[in-house]
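**Q** I have a structure here, written as structure tokens, and I will follow up with some questions on it.
Values in this text are rule-based calculations from the coordinates and carry no lab data. What you are looking at is a predicted structure, and each value in this text was computed from that prediction instead of being measured. When we count neighbours, we look across all protein chains shown, and the Cβ atoms used for this are built from the backbone with ideal geometry, even at glycine.
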Amino acid sequence: MHSRPLWRLTVHVLLFLAALVVVVPFVWIVLTAFKERNEVFSLIPQWLPAHPTLKNFWGVLDAMPFWRYYWNTLVVAFGILGVQLVTITLAAYAFARMEFWGRDLLFILLLVQLMIAPQSTVIQNYLTLTSLGLLDTRLAIMAPYLASAFGTFLLRQTFKGIPKELEEAASLDGCGGLRFLVYVAIPLAVPGYLAFALVSLTYHWNEFFWPLVITETSKARTLTLGLGIFAQTAEGSADWTMLMAATLMVVAVPLLLFLVFQRRFINSFMQSGLGG
């Protein structure tokens, strides 16, 4: 009888320690972003800035084309999401609610695609987009991700959960096919859409490798790539306060989105059939 409370206490202590491992470095980044440069190199580490300042953030804006990177990231992340919502909706609805020859085989092939590392297609994607004259453009960053196997799978699970009787009743009322998808299936699948949207935005906001391959100038570079270039410069001058400020500016948007929607995010996965 006494072993269960002890076990729960042990689990909570371990979770607390794991949370500290994740949170402490982020807290250090936030506090360092507001410090003077000489405070970083003091012999005794100082957690709180003695004289909080915003000059590190202004220095980042002067040192790199931050707003251009920010705009590119917004266009890429939300542009990909917008197209994906269309493609995964149509594909998921076909796999979940329509009968056609080879449906199950195509769905298996879709699942196999989830097991293929994206890096294995980089060379072919690069050659294809270069031949189309799209090198160093935002469209080139977006192109390989305009469809999503994960999003299709997630929405298929949601659409399959819609009762067949509801579809039959809608059909009797003259709401069939595309109208059923638009007016019935999509509203019922909002939790699934929310879960996918947060995953997609976070992934493409933080993506580094593909933008590094397909871009050559700052014209189309995204925030993470700009941060990587800025970090190399900052390491040379040992300006860690500006580097921490730049890092905080890059992660602020996805972090804010998660903090605002974290409860809905978890509930979305539970309601869309992936909660175990």
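**Q** Only helical DSSP H runs with n ≥ 4 go in: add -39500 (n - 2.57) per run for the chain, normalise by residue count and round the 222 nm mean residue ellipticity to 500 deg cm²/dmol. Let's see the in-between values first.
**A** Details: 13 runs with 194 residues, N = 276.
Helices in the chain give a 222 nm mean residue ellipticity of -23000 deg cm²/dmol.
**Q** Given springs between every Cα pair under 10 Å in a Gaussian network model of the chain, which of 80, 116, 44 has the largest fluctuation?
**A** Highest fluctuation among the options: 44.
**Q** Calculate the length of the line joining the C-alpha centroid of region 5-63 to that of region 107-135, in whole Å.
**A** Cα centroid of region 5-63 versus Cα centroid of region 107-135: 38 Å apart.
**Q** Give me the percent relative contact order of the chain, please, defined on Cα pairs under 8 angstrom at least 6 residues apart. List each step's numbers first, then the result.
**A** Values: 258 pairs, mean separation 82.7, N = 276.
Contact order relative to length: 30 percent.
**Q** Next up: Name the chymotrypsin sites (Phe, Trp or Tyr not before Pro) in region 1-95 that are in a loop by DSSP and that have at most 14 other C-beta atoms within 10 Å, would you?
**A** 41, 47
**Q** When you have a sec, figure out the Kirkwood radius of the chain from all distinct Cα pair distances and drop it here in Å to one decimal?
**A** 22.1 Å
**Q** All other residues with a Cβ under 13 Å from the Cβ of residue 61 taken together, and with Lys, Arg as +1 and Asp, Glu as -1, what is their net charge?
**A** Surrounding charge for residue 61 is +1.
**Q** May I ask for the net charge around residue 161, where only other residues with Cβ less than 15 Å from the Cβ of residue 161 are counted and Lys, Arg are +1 while Asp, Glu are -1?
**A** +2
**Q** Can you compute 3J(HN,Hα) from phi for each residue in region 25-38, using the Karplus curve 6.51 cos²θ - 1.76 cosθ + 1.60 with θ = phi - 60°, rounded to whole Hz and x for Gly and Pro?
**A** x, 5, 4, 5, 4, 4, 5, 5, 4, 9, 8, 6, 4, 5
**Q** Can you list the GluC sites (Glu not before Pro) in region 29-102 that are in a DSSP coil and have 13 or fewer other beta carbons within 10 angstrom?
**A** Within region 29-102, the qualifying GluC sites (Glu not before Pro) (loop, at most 13 other Cβ atoms within 10 Å) are 99.
**Q** No solvent, one uniform scatterer per C-alpha: report log10 I(q)/I(0) for region 3-55 via the Debye equation at q = 0.14, 0.27 1/Å, two decimals.
**A** -0.52, -0.98
**Q** For region 189-248, what percent of Cα pairs sit more than 14 Å apart?
**A** 64 percent
**Q** So what are the three principal axis dimensions of region 119-170 from its Cα atoms, in whole Å, longest to shortest?
**A** On the principal axes, region 119-170 reaches 50, 22, 14 Å in Cα extent.
**Q** Now a separate question. Just to confirm my numbers, what's the Cα centroid distance between region 146-168 and region 200-230 in Å?
**A** Using only Cα atoms, the two centres lie 32 Å from each other.
**Q** A further question on this structure: Can you classify region 1-154 as rounded, prolate or oblate using the Cα gyration tensor, where a ≥ b ≥ c are the square roots of its eigenvalues, rounded means a/c under 1.5, and otherwise it's prolate if a/b beats b/c and oblate if not?
**A** It comes out oblate by the Cα gyration axes.
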